[in-house]
Amino acid sequence: VQLVESGGGLVQPGGSLRLSCAASGFTLRGYAVGWFRQAPGKEREGVSCISSGGGTTNYVDSVKGRFTISRDHAKNTVYLQMNGLKPEDTAIYYCARRRSTYCSGYDEGQYASWGQGTQVTVSS
């Protein structure tokens, strides 16, 4: 039972990246999934969440209008499309499945099966 993030890298300000969160050993279909990030010297924070059916998405204010979360049940994968990246988006990005079908905040106690993270660096 594992989530694996990928797609991080070094990008210039204003650039784009698409992160992937792939499940191994279980299906994500019945769970909401969240993306989190942890910047150097800061606590981990929730960024976005998508409900199990994909019909509800939430975003933290700092990424609204720039990031888009989506999911592909056939590929058992959740994505985070990040456009208009800023230096303050630099962080390790993690995904986790929520212990429910719906999104309701980013209390880490409500999430499980954390991935190992993928580094996103936004710098010129």
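The values are calculated or read from the model by the stated rules, or taken from the named source; none is laboratory data. Because the structure is a prediction, the values reported are computed rather than measured. No Cβ is skipped: glycine too gets one built from the backbone with ideal geometry, and neighbour counts run over all protein chains shown. We work out accessible area using only protein heavy atoms, side chains counted, and drop any ligands, DNA or RNA first. Shrake-Rupley method; radii C 1.70, N 1.55, O 1.52, S 1.80 Å.
Taking the listed residues T90, T68, the one that is closer than 21 Å to R29 by Cβ and surrounded by 16 or more Cβ atoms within 10 Å (Cβ to Cβ) is T68, with no other qualifying. Evaluated against (1) at pLDDT 95 or above; (2) open to solvent by 50 Å² or more (accessible area, probe 1.4 Å), G25 falls short on exactly one condition, (1).
For the stretch 100-123, which positions are assigned to a strand (DSSP E or B) and loosely packed, with under 14 Cβ neighbours inside 10 Å? Answer for the stretch 100-123, where residues must be assigned to a strand (DSSP E or B) and loosely packed, with under 14 Cβ neighbours inside 10 Å: A112, Q119. Figure legend. Inter-residue proximity from the stretch 58-75: first residues farther than 19 Å from Y102 by Cβ, second residues open to solvent by 70 Å² or more (accessible area, probe 1.4 Å) and not in a loop (DSSP other than H, G, I, E, B), beta-carbon distance below 8 Å, spacing 6+ or different chains. Indicated pairs: S62/E88.
The set of residues from the stretch 28-65 being farther than 18 Å from Q119 by Cα, in a loop (DSSP other than H, G, I, E, B) and open to solvent by less than 50 Å² (accessible area, probe 1.4 Å) comprises L28, G30, A32, S51, S52, G54, V60. For the stretch 7-20, the condition holds for no residue, the condition being that it is among the charged types (D, E, K, R), assigned to a loop (DSSP other than H, G, I, E, B), open to solvent by 70 Å² or more (accessible area, probe 1.4 Å) and more than 17 Å from C103 (Cβ to Cβ). Scanning the stretch 71-83 for residues that are assigned to a strand (DSSP E or B) and either open to solvent by 30 Å² or more (accessible area, probe 1.4 Å) or out of contact with any strand residue (DSSP E or B) (no Cβ under 9 Å at 6 or more places or on another chain) (or both) returns R71, D72, Q81.
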